[in-house]
Amino acid sequence: MLPRSLTFFLALAVICMLGIAAILSAFWTPHPPTALETGPPFASPTWAHPFGTDAVGADIFSRTLSATHVDVGITIAVVGLALLVGTIWGSIIGFYGGWADAVSLRLLQVLQSFPALLLAMLVIFALGNGIRNVILVVAVIPLPDYVRLSRAEIRSKKTWQFAEAARLTGRRPIGVLFRHLVPNSMRPLVANASINASWVAATVGALGFVGLGIEPGSVEWGSMVAGGQAAVGSGGWWISFFPGLGIFFLSAAFHLLGDALTDADISRRS
Amino acid sequence: MSSDPPLAAEQATSTDVLLEIADYSGGFTSQTGVFTHVLNGVAFSVARSTITALVGETGSGKTVTALSILGLLPRTFRRISGSILFEGRDLLKLDDEELRAVRGSQICMVFQDARTALNPVFTIGTQISDVSRLHQRVSKKQARNTAVEVLDRVRIPDPRRCMRQYPHELSGGMAQRAQLAMALVCRPRLLILDEPTTGLDVTIQADILELIVDLNRNEGMTTLFITHDLGIVAETCDAVVVMQYGEVRETGTCEQIITSPRNAYTQMLIAASRFQGVSE
């Protein structure tokens, strides 16, 4: 059922490690992430401070670790929301068709005509910062992909014989859709969700970098990278580097995972 | 119109009739609004505890007739006249809710290609227990026990193992048995088989036919057997309905149809089948 490639397992391992770090960081970090003067300011990585310290002596390792649960959490929430809403919406319009289908498609086209990151920045700027707003906005942007994909899957499968056979057993149409057709269309949707998670992780980082997104003062990779910018010029590479590495690993792992899932789905179909 | 009104009338008056289709006509409307007749005054009846064959070439309206019984025609189908009485109730007059109660519990259908008629992502056990849970108030465990029993009834060698298997893990014959089990789980009163043995090896085909005959003999299962193979008809069925171009050409007992067909089309079908010798 699952792909057996090395990429798949490596990506899965990285995601699992980030997940464990996220859970761990919610309870424990070597130093409190927002504590000042845990060591000398601008200290390069040492055993006491494996990722170094910043201008006010805060421990970068603790901050990077602590940001894991924010970034991983937002990414999973966004993808979960988009997957759930997109699958339900797409499945219904794909199954029933009609005016709801036509209207939905036009609506999604309008949404897709805006440049994604610009739209996210504008909306968050208008709504204000906050984790909830970030999750909602970043989830709405890739929604058209999910809707179209599940709509196409359902449309191609609704005339298959097992769907008709399911109706013959006395199931109502909505039951045929959600009990029989939707489970059969999840494979490409999950692959898409994984690739989308990669984009979400990068976008959340980007929003944090430009100061939009979560509340000021909370710890997040994108805003940490922005915070360390000034120091990079004077040799303090570690302040920006390690949170940037976090974004890189999260985004890359999801992308490779999604690639492996897509490959597996394509080879299964052919 | 039926070319054989005397026999149809005779069967209709009998109290042993389970299903009676009378003067059923209809057709499909294309997107451009053109109406095409596909059924023209179809009339025949199925007596209780018999195997009735519905025979005819591709496009003769066999499957449309069968799907009409279950009320599962595409929206483009329009009925012009007729009635389909099942135990005295006109199925064409039932609303969606009432029809759903009939489908799967009182009338069941088995398709030609079992592996496409079963859902690829669920195990056989899940699919069979799903059907009984849909129609009866039973617990998950009871439903699974019933599923094992019904798999045993259709002579699947290791029912408990089959419960855990997915459709793609089964051979064609096993999948057809599983589909049959799914149809039988609610003990329906009418079983419709749409070319159930086409595409199976001859030996597997014989096994499945034997099973269908045994279900009829031992449990009194009334069966409507749709096929184009008169060889099968001669071996298994009690009564035969011959259809061509959406009309019933001839109805009668199996022996009568095979040995002394009155209709020219029936004679042609028999001549074309491998049981040519029987008709001469």
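The values are calculated or read from the model by the stated rules, or taken from the named source; none is laboratory data. No experiment lies behind these values; they were computed from the predicted model shown. Neighbour counts run over all protein chains shown; Cβ positions are idealised from the backbone, glycine included. Areas reflect the complete protein model, heavy atoms only, side chains present, ligands, DNA and RNA absent. Shrake-Rupley method; radii C 1.70, N 1.55, O 1.52, S 1.80 Å.
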Checklist line | Per-residue mean of C-beta atoms belonging to partner chains within 10 Å, peptide A:156-163 | finding: 3
Checklist line | Residues A:Val56 and B:Glu210, FRET efficiency given R0 of 60 Å [Cβ-Cβ distance, rounded to 0.05] | finding: 0.10
Notebook entry, point to check: For the protein assembly as shown, what is the per residue volume of the convex hull drawn over the alpha-carbon atoms, in cubic angstrom?
Noted result: 184
Check: If you take the charge dipole of the stretch A:59-269 about its Cα centre, with +1 on Lys and Arg Cβ and -1 on Asp and Glu Cβ, which of A:Leu143, A:Ala253, A:Ile174 is farthest toward its positive end?
Finding: A:Ile174
Item checked: Per-q log10 I(q)/I(0), the stretch A:106-259, q = 0.10, 0.18 Å⁻¹ (Debye; single scatterer per alpha-carbon; no solvent) -> -0.51, -1.07
Checklist line | Taking the convex hull of Cα positions in chain A, its mean projected area over all directions (nm²) | finding: 16.9
Note to self: Run the paramagnetic zone check for B:Asp16: 7 angstrom along Cα to Cβ, then residues of the stretch B:178-202 with backbone nitrogen under 19 Å.
What the structure shows: B:189-191
Notebook entry, point to check: What is the average number of partner chain Cβ atoms found within 10 Å of a Cβ in A:168-177?
Noted result: 6
Note to self: Given points 7 Å out from each Cα along the Cα-Cβ axis, report the A:Gln109 to A:Val210 separation in nanometres with one decimal.
What the structure shows: 2.7
Next item on the list: For an R0 of 22 angstrom, estimate the FRET efficiency from the Cβ-Cβ distance between B:Val202 and B:Ala271 and round to the nearest 0.05.
Entry: 0.50
Margin query: Once you place label points 7 Å from the Cα toward the Cβ at A:Ser267 and A:Ile174, how far apart are they in nm?
Written below: 4.1
Note to self: Which one, A:Ile214, A:Leu65, A:Gly90, projects farthest toward the positive side of the charge dipole computed for the stretch A:59-269 from Cβ point charges (K/R +1, D/E -1)?
What the structure shows: A:Gly90
Check: Per the helix-only calculation at 222 nm, which mean residue ellipticity applies to chain B, given -39500 (n - 2.57) for every DSSP H run of n ≥ 4 and division by its residues, nearest 500 deg cm²/dmol?
Finding: -11500 deg cm²/dmol
Note to self: Could you check the spin-label model distance between B:His37 and B:Glu235? Points 7 Å from the Cα along Cα→Cβ, value in nm.
What the structure shows: 3.7
Next item on the list: Mind checking which aspartates and glutamates have their Cα closer than 15 Å to the Cα of B:Lys140? Skip sequence neighbours fewer than 8 apart in that chain.
Entry: B:Asp130, B:Glu149
Next item on the list: Return, ordered by residue number, the residues of the stretch B:57-72 whose backbone nitrogen is under 19 Å from a label point located 7 Å along Cα→Cβ of B:Ser30.
Entry: B:59-61
Notebook entry, point to check: Ordered by residue, what ³J(HN,Hα) values in Hz, to whole numbers, does the stretch B:115-125 give under the Karplus form 6.51 cos²θ - 1.76 cosθ + 1.60, where θ = phi - 60° and Gly and Pro are x?
Noted result: 6, 9, 8, 9, 6, x, 9, 10, 6, 4, x
Check: Just going by the charge dipole of the protein assembly as shown, with Lys and Arg at +1 and Asp and Glu at -1 on Cβ, which of B:Pro120, B:Gly172, A:Val134 is farthest out on the positive end?
Finding: A:Val134
Check: How about the stretch B:159-260: which trypsin sites (Lys or Arg not before Pro) there are in a DSSP loop, with at most 12 other Cβ atoms within 10 Å of their Cβ?
Finding: B:Arg164
Check: Straight-line reach from B:Lys93: which lysines have a Cα under 23 Å away, not including same-chain ones fewer than 8 places off?
Finding: B:Lys62
Checklist line | Anisotropy class of the stretch B:56-127 from Cα gyration tensor, a/c 1.5 cut | finding: oblate
Checklist line | Assigned charges on the beta-carbon of Lys, Arg, Asp, Glu; the protein assembly as shown dipole about Cα centre (debye) | finding: 760
Check: Roughly how big is the A-B contact, given as buried accessible area in Å² (both sides, 1.4 Å probe, nearest 100)?
Finding: 1900
Notebook entry, point to check: So which chymotrypsin sites (Phe, Trp or Tyr not before Pro) in the stretch A:137-225 pass both tests, a DSSP loop state and at most 15 other Cβ atoms within 10 Å of the Cβ?
Noted result: none
Item checked: Average beta carbon contacts from partner chains per residue of B:103-114, 10 Å cutoff -> 3
